[in-house]
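Notes follow once the structure below has been shown.
The values are calculated or read from the model by the stated rules, or taken from the named source; none is laboratory data. Everything numeric here is computed off the predicted structure, so don't read it as measured data. Here Cβ is always computed from backbone atoms with ideal geometry, including for glycine, and neighbour counts include all displayed protein chains. Accessible surface areas use protein heavy atoms only, side chains included; no ligands, DNA or RNA. Shrake-Rupley method; radii C 1.70, N 1.55, O 1.52, S 1.80 Å.
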Amino acid sequence: MKTRLMAAAAPLVLGAALLGGFSVTALAKTAPKTASAAPAYTGPFAKPSTLPLHAPDFTQYKDSDWQPAIEAGIAAKRAEIKAIAANKAKPTFENTIVAMERTGSLYDRAYNVFSQLTSANTNDTLDAIDTAVSPQVSALNDDIYLDDALFARVKAVHDSAAGKALTGEDAMLLATTYDKFVHRGALLSAAQKVELKAMNLEIAKLETAFAQKLTTATAAKAPIFDTAAQLDGLSQTEIAAAAKLAADKGHAGKFMLALDNTTQQAALTSLKNRDSRTKLWDASVNRTSGGDQYDTTGMITQIATLRAKKAKLLGAPDFATYQMYDRMVKTPAKAMEFMKGFVPALRATQDREAGLLEAAAKAEGQNIKLEPWDWSYYAEKVRKAKYDLDENQIKPYFEVWRTLEDGVFYAANKTYGLTFKRRTDLPVYHPTMRAYDVIDADGKQLAIFYFDPFARSNKRGGAWMNNFVEQSYLLGEKPVVSNTLNIAPPAEGQPALVSFDNVETMFHEFGHALHGFFASQKYPSLSGTNTARDFVEFPSQFNENFATIPEVLNNYAKHYQTGATIPAELIAKIKAAETFNQGLGLGETLSAAMVDIQWHQLSPEEAAQPPMAFEAKALAATGLNTDMIPPRYKTPYFRHIWDNGYAAGYYSYIWTEMLAHDGWDWVEKHGGMTRANGDHIRKTFLGQGHTKDFAELYRDFTGHDPEVQPMLEARGLAPKAK
Ligand SMILES: [Zn+2]
């Protein structure tokens, strides 16, 4: 099982979140009458594509098409919403709540394709359009959620006897729509709304300023070394890159190491010179807290204080509680309690691993007291000695298309009965992509799937899933889904070989795709992957488990030259190596998550204290060895929580991993990869979208609330029971 947490960090459904979870797709069958008031738009998105399942017709789009299409889409949606708000008829579930689900078809058609192109195949024109339309999208959101007339109708339906009598998906749609309005301030008085808008504006400005300062600081604080000898241990290529970076920055003849975003720096695993490791470490942890023009701590105090005030204005005890209103974990106390469950085993592992590393240092004659900047260096030595794992031994067994078709697809066939048919006639936006029809067990077409595996200079990093078209019975749509990765492209005429890490990422992203394929909802905003941050990474991490089932491996992990199946001992080595260095791997993530949740439980007065003093207190409260293993991001450079929408949500990475391990434990105890289990998984959660509370979906699947033990075992933090 995987040990990666951050592979899950990529945004999952591009674009969908921007419009606040209203209709994310296509074709309104009954456009409100006043939609004709919007400017007449006649471009390629005026009607649904004529391709199967309304798949995007990439042969039809020019760069100059996007801005007019998206702006017309925003205008049309605004007009559609206005018409609902101005309706003279008595508010009903149909004419208000369901009507909102039908809005935005033009916008969704254009934006769902555009967002994938700006991420996976962009250019300067598309980037400029993105910058131009983003503020218009946020303005539309404010206009919808703070529209008094519209909310009066939503509230009337919500409070009515008819509203209270709704059941199933209808009841869920009404509840989530109402909650979203309230969350965004619809119940506030006019004066409070003015205050809220001003606060939102101030917070958004500070978040953007923080993000920009952090980017500048991370580049500016790259440490300088006088001689190549100080970088001993790095490869010739890495040293050449350091020389070039120094020259580019006006320090010709010297060497600069660019800083990674995280506290830990990749070069720490190989830098032999201890002073150089110390220097790199200091540059990393102090990048934005040095009291100079790159210091972010003042902004952080302001953001934390404003967030605490905003929560108060909206009637929540603190910002974490406010943020968690629609999550699977409902309160910060519950998140803390969950995380504390890991501490005893993790602390013991940290102390045991520190001992191992100190012994490794002694063995090479270094009689040192281990320091944080030594950890990765000696961990790498121990890893090599203990596990003897060489990536170049592994890669020849994993060719990308064989891994997809004979591994990822094979597991979905054995489990869910799906079959996949290559479509060479469907247009793609890049020639290295492939498209497939996804056929259900009953022989009917379920979805279309695109796979875009290779890194390009115009593709952003990471891996993600995207819906071009989202499933909805209301709108008569079936899912059109893509997975995008960043696998190094093969040299001309060579096969594309994939690291095992990327093999797991392929299974991971396909788990999101399955969540999209099996969507079986009436309403687009409850469909498929439109779930909470602390649930959505569960299906994807769960699907990673299929990568190492022996039956699946035997079908896809074959040497590209000899056709020989990967030796079992190689797989055993990969798995054994994954449980090593968890004191750091899980430790740095857990402490970052605990700092995040503590930051967002402060009152406005408490939030005004100096950030570094507060962080020290919060770290002490974790019970972990945070002197040796600090958080993955320290407060002054924790982009996820100060700019990236993960405020009071960083625990989600650990929570969904726990669900994935515990869920897999259920599968193993019930016969493994069988069609019966596949049907059960699909029926209980993978096909359910957000039609029930997430905790209920989970109980439907396993029959109990999630448990931590299987994750502790998989991470090597507890011995295997049984
Ligand atoms: Zn993911």
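The table for this structure:
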item: Of residues in the range 520-566 being among the small types (Gly, Ala, Ser) and open to solvent by less than 10 Å² (accessible area, probe 1.4 Å), the one farthest from the ligand (Cβ to nearest atom); result: Ala557
item: Total residues in the range 197-227, condition open to solvent by 40 Å² or more (accessible area, probe 1.4 Å) and in contact with a strand residue (DSSP E or B) (Cβ under 9 Å, 6 or more places away or on another chain); result: 3
item: Pairs with Cβ under 8 Å, 6+ apart, first in the range 70-84 and open to solvent by 30 Å² or more (accessible area, probe 1.4 Å), second assigned to a helix (DSSP H, G or I) and small (Gly, Ala, Ser); result: none
item: Phe580 hydrophobic (A, V, I, L, M, F, W, C) and crowded, with 23+ Cβ neighbours inside 10 Å; result: no
item: Inter-residue pairs, beta-carbon under 6 Å, first open to solvent by less than 10 Å² (accessible area, probe 1.4 Å) and in the range 480-497, second of a type in the set (D, E, K, R) and modelled with pLDDT of 90 or more, 6+ apart; result: Asn483/Glu509; Thr484/Asp452
item: Top-ranked residue of the range 228-269 - restricted to ones that are under 34 Å from the mean Cα position of the chain (by Cα), of a type in the set (A, V, I, L, M, F, W, C) and open to solvent by 50 Å² or more (accessible area, probe 1.4 Å), ranked as farthest from Arg639 (Cα to Cα); result: Ala240
item: Qualifying residue in the range 161-169 (condition: at pLDDT below 90 and closer than 29 Å to Tyr107 by Cβ); result: no
item: Criterion (over 26 Å from the mean Cα position of the chain (by Cα) and either of a type in the set (A, V, I, L, M) or part of a helix (DSSP H, G or I) (or both)) met by exactly one of Asp108, Asp143; result: Asp143
item: Among the residues listed as Pro44, Pro48, Pro56, the single one being modelled with pLDDT of 50 or more and either touching a His at 6+ places or on another chain (Cβ under 9 Å) or within 16 Å of the ligand (Cβ to nearest atom) (or both); result: Pro48
item: Selected residue (criterion: surrounded by the fewest Cβ atoms within 10 Å (Cβ to Cβ)) from residues of the range 52-69 that are in contact (Cβ under 8 Å) with a residue 60 or more places away in the chain and under 25 Å from Asp143 (Cα atoms); result: Gln67
item: Cβ pairs under 9 Å, 6+ apart, first in the range 456-472 and under 22 Å from Arg109 (Cα atoms) and of a type in the set (S, T, N, Q), second within 15 Å of the ligand (Cβ to nearest atom) and assigned to a loop (DSSP other than H, G, I, E, B); result: Asn466/Leu12; Asn466/Leu14; Asn467/Leu14; Asn467/Gly528; Asn467/Thr529; Gln471/Gly528
item: Qualifying residue in the range 453-472 (condition: among the acidic types (Asp, Glu), more than 16 Å from the ligand (Cβ to nearest atom) and modelled with pLDDT of 95 or more); result: yes
item: Qualifying positions in the range 409-431 - out of contact with any Pro (no Cβ under 8 Å at 6 or more places or on another chain), hydrophobic (A, V, I, L, M, F, W, C) and within 28 Å of Thr122 (Cα to Cα); result: Val428
item: Residue check, Glu569 in a helix (DSSP H, G or I), modelled with pLDDT of 95 or more and charged (D, E, K, R); result: no
item: Neighbours by Cβ (under 7 Å, 6+ apart or cross-chain): first from the range 502-515, within 16 Å of Leu446 (Cα to Cα) and more than 11 Å from the ligand (Cβ to nearest atom); second among the aliphatic types (A, V, I, L, M) and part of a helix (DSSP H, G or I); result: Leu514/Ala412; Leu514/Leu686
item: Residue match in the range 575-594 (condition: within 16 Å of the ligand (Cβ to nearest atom) and in contact (Cβ under 8 Å) with a residue 60 or more places away in the chain); result: yes
item: Residue in the range 219-227 that is within 30 Å of Arg287 (Cα to Cα), assigned to a helix (DSSP H, G or I), aliphatic (A, V, I, L, M) and touching a helix residue (DSSP H, G or I) at 6+ places or on another chain (Cβ under 7 Å) present; result: no
item: Helices (runs of 4 or more DSSP H) completely within the range 648-722 that count 2 or more residues being of a type in the set (Val, Ile, Thr) and buried (at least 20 other Cβ atoms within 10 Å of the Cβ); result: 652-669
item: Sole residue being modelled with pLDDT of 95 or more, within 30 Å of Asn458 (Cα to Cα) and of a type in the set (D, E, K, R), chosen from Asp108, Asp124, Asp130; result: Asp108
item: Helices (runs of 4 or more DSSP H) enclosed by the range 234-334 - at least 1 residues per element that are farther than 30 Å from Gln366 by Cβ; result: 236-248, 297-313, 319-323
